[in-house]
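Presented below is the structure to which this report refers.
Throughout, read-outs are computed from the coordinates displayed, never taken from laboratory work. On a predicted model such as this, the values are computed, not experimentally measured, just so you know. With ideal geometry, Cβ positions are generated from the backbone for all residues, glycine too; neighbour counts draw on all protein chains shown.
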Amino acid sequence: MTSEVVAEIEDQVRQMRETGQVTPELEDELDRCFEEVAEASLAERALVTARGPESGSGDPIAGLAGRMGLSQLRRQAAAMARRRLGPSFRRLERRAAVGATRLGEALSIRVHVTADHLERLAARSPRASRVLSAARPGESASVAGTMHPSIEGPLLAWVVERLSAAVPNGAQEAAGLVLHAECGDGRVVEALAARGFQARGADPGAAARADGDSRIVAAGALEYLGATVSGTLDGLLLTGVVDRLRPGDGRVLAQLAARCLAPGGVVVLVSARPEAVVALDPVAADLAHRRPLHPVTWCHLLARYGLSVLAVFEPETSEPDLFAISAQRLAPALVAGRGDA
Amino acid sequence: MRTRPVRIDQVIPSIVERDAVSHHTLEAQRVLHSMGFVSEIYACSMGPGLAGRVHPLSQLPREEPERQWVCYQASIGSPAADAVISHPGLKLVDYHNISPSELIERWMPQLADEVRVGRRQLAELAPVVELAFADSEFNRAELEAAGYRNTMVAPLMVDTANFYSPPDPQVGRRLEAVRALGGHDWLFVGQMLPHKAHHDVIKALACARNLFDPKARLHLVGRESCASYADALRRFVSALELTAAVEFVGSISPGELSAYYTSVDVLVCCSDHEGFCVPLLEAMHHRLPVVAYGVAAVPETLLDAGIVLPSKSPVLVAAAVERVLTDHDLHDSLVSAGLRRTRSFTVEGARRAFARAIEQALQAA
C-alpha cells in the first residue's frame, strides 16, 4: 500500500516540476548553499586545529570529531606477543628497562635543554630558523589510546586538593572549569563534578563509546587543547597522553597547557615513572609506543613555558609506579613581581 | 553435535551505557547465562557504570578450544578483533554493521580510517568464524559478501528504556507552547554525524516551508559527535534563515526524548547508512509516522510501516511529509502498521533468536 502512496507522491512532485511550481533552481540552490558552508566549516576547523586558536567561537569545550586510535591495534599486538613470551622475558625486560631509563633520564633533560638553546638560536637568526624548520620532523599530532593510569585513593585526593587550591568549586562562587584530557572512562570527571567543579573530559575513545555523557567529547589531548581558546581553563588534568608522547610532543603539550590555562589556573599531570613502565600492566602492554618522561624533565618543560611548579607527588607505597606534578600559570602581576625580585 | 563448551565469552571494542550495541551485548550475556554457560564480557574500553560487569580485554582467558568459545560484537575497527582472531576457541561474530568510510572521510578522516580497519578485520575474521549472525538481513548480506559461509539473522535486543520512559513534562509543555504557533513539527533522532545526513532533512524542511507548510519546524535530537559537521549545519540553517525553525537539541534523557516523540508530528530520516536504525522503532512505538530514505537496512526495519522513499530529493521528502500530515487515513494506517511492526521486535523474541543462533552453532558439524 505504501509503495502506491510513494508512486502518487512521485507523480505529484513530477507535476509540480512540470507546471513550474518547483523550479530546478530551488534544489540546486540548496545543494550549492550546503556545499559552501561545508567547505567553510572544514576549512575553518583545519585552520583552528593547525594554529591552536587565539580566539574561537562558543564553548571552548565544544566537541571535536570522534576518533579512535589506530595505535590500539599496535598496542594489542605487543600485549599478545608479551603474553606468549612469558615471565622470564618480562623480568629480563624490566632489568634492561631500568638500566636504560637511568641513562635516559640524564639524556632526556639534556635533549630538552639543547632544544631550548636551538629554539633561542632560531628566534635570533632567520637563517637558523629555516635550517631547523627543514630538519624538524612533521607536525605533532595527538596520539590516541585508551590505556589510563588508575587515579584513586591518595592520588585522587592529592589531585583534588591541588585543583581545589586554585579552582573555585562552586561552593561560594561560580564553579571553575576543569578539563580532564584523555579521561578514559570518565570516572575522574565524575569525581571532580561530584566535588563541585564544572568538570569536562576529552578522550579519543569517546565517540566509539557513545554513552551520551555530554561532558565528555571525542578528542585526543593535543588535538583538543590545540583547538581550545586561550586562557579558558581553570584547571587541567593530564593523564594517559603524557605516557605516550612522541619525541617533541612533551614540549607541545606543556606549551598548550600553559596557553589554555587562565592566569592562576593549575595543571596537574599524572604519569607512569619511566623506570616502572614494564612493572605496570596494562602499561607494559606497549613499551614500544609509550614514552613516559622523568618527573624532572616535566618540571623543566612546564617551567620552560611559564608554569610555576607547585608540588610533586611521588607516593612510596600506594601507587609506586605513578607520579604527579602540579604547576600553576601565575597571574601577570605575580610574574612581574617575581621578575622584580 | 560438537562438545558443548563451558563458557562463551563476548568481546566488544567498547561498551557503554545507553548504546544499542552495548545493550545488545549485555542482553546476550543474560541469554548465555540462562543457557547454562559461563559468560563474561571483555572490552577495550567501558563506560563508568559498567566497571565490574565488564572486564578489560587483556583479561580474556585462553582456555582449551573445547571449553571456551568467543563471540565478537563487530561494529568498528578495533584491536579486539585481533584478539579474537588469535584466540584458540571457536569463534562467533555478531555483526551490527560498519559505516562505509566514504560517507565519513570528508569530515572525519581518522574515524574513516577506523571503519576501514573494521571492514578489513571483518574480512579477516571470515575464514576462522564458525557462525556469524547479523541484526538485519542487510547486515547478513554484507557478511556473505565479506566471505562468511554460515550466517543467520538474529535481531537486535533493543533497549526499551526509550519506549517506556514517561515524557518529561517540562519539555512537553515547552513543545506544546511551540506547537500553538501553528505549523507541523518534524523530528530526526541520531548522532550528528555526516552519514546521518541531517543536512538533507534541513533541505527538505526548507522546501516544505517554501511549498506547503510555511511554519514547519525541525527538531534535531542527538549528540554532536562531529564538530565541523555540526558547525556546517548551524551555518546552513543560518544561511537559509531557518534559525527560528530548526532546534539543535543535543543529547537528552529517555524522558526528554519521549516528550519529543509524543509532541511532534513526523519522524523524517534521510540517513545515507543505517545498519538497523533504532529511532525508527522508537518513533513507531510512540505512534509517530515515519518518512525515510530507503537505503541500507531502513526498508527492512520499516517494511510497510512507514513511507520509504526511493530518493531523498528535498522536494520529494517535503511532499511525502505533507501527504502523511494531511492524509488522515494514511496517517492512521501508518501509525497502526508502526505499532504492529514495533510489537514484532520484542526483547523476548530477540532473546529467543539469539539462543537459537547459539544452538545452531552447537549443532554445526
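Tabulated results
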{"read-out": "Under Karplus coefficients 6.51, -1.76 and 1.60, residue-wise ³J(HN,Hα) of region A:264-273 in Hz, glycine/proline x", "value": "x, x, 10, 10, 10, 10, 10, 9, 6, 5"}
{"read-out": "Shielding of B:302-314 by partner chains, average beta-carbon count, 10 Å", "value": "3"}
{"read-out": "Residues of type lysines that B:Lys203 reaches as a straight line, Cα spacing below 22 Å, ignoring anything fewer than 8 places off in the same chain", "value": "B:Lys215, B:Lys312"}
{"read-out": "Alpha-carbon Debye profile of chain B, log10 I(q)/I(0) at 0.07, 0.10, 0.12 Å⁻¹", "value": "-0.32, -0.64, -0.90"}
{"read-out": "Average Cα contact separation per residue, chain B, under 8 Å, 6 or more apart, as relative contact order %", "value": "16"}
{"read-out": "Backbone HN-Hα couplings from phi across region B:122-134 [Karplus 6.51/-1.76/1.60, Hz, Gly and Pro as x]", "value": "4, 5, 5, 6, 3, x, 9, 9, 6, 8, 10, 10, 10"}
{"read-out": "Ordering of B:82-90, B:241-249 by burial proxy (mean other Cβ atoms within 10 Å per residue, highest first)", "value": "B:82-90, B:241-249"}
{"read-out": "Amide H within-cut-off set for B:Val93, under 5 Å, with H built and near neighbours excluded", "value": "B:Tyr72, B:Leu131, B:Ala132, B:Phe133"}
{"read-out": "Shielding score for B:228-241, defined as the mean number of other chain Cβ atoms within 10 Å", "value": "6"}
{"read-out": "Hydrodynamic radius by Kirkwood, which averages 1/r over all alpha carbon pairs of region A:2-41, in angstrom", "value": "11.9"}
{"read-out": "Peptide B:189-197, shielding by other chains (average Cβ, 10 Å cutoff)", "value": "1"}
{"read-out": "Per-residue ³J(HN,Hα) for region B:297-314, Karplus 6.51 cos²θ - 1.76 cosθ + 1.60, θ = phi - 60°, Hz, x for Gly and Pro", "value": "8, 4, x, 5, 5, 7, 6, 9, 8, x, 7, 9, 9, x, 9, 10, 4, x"}
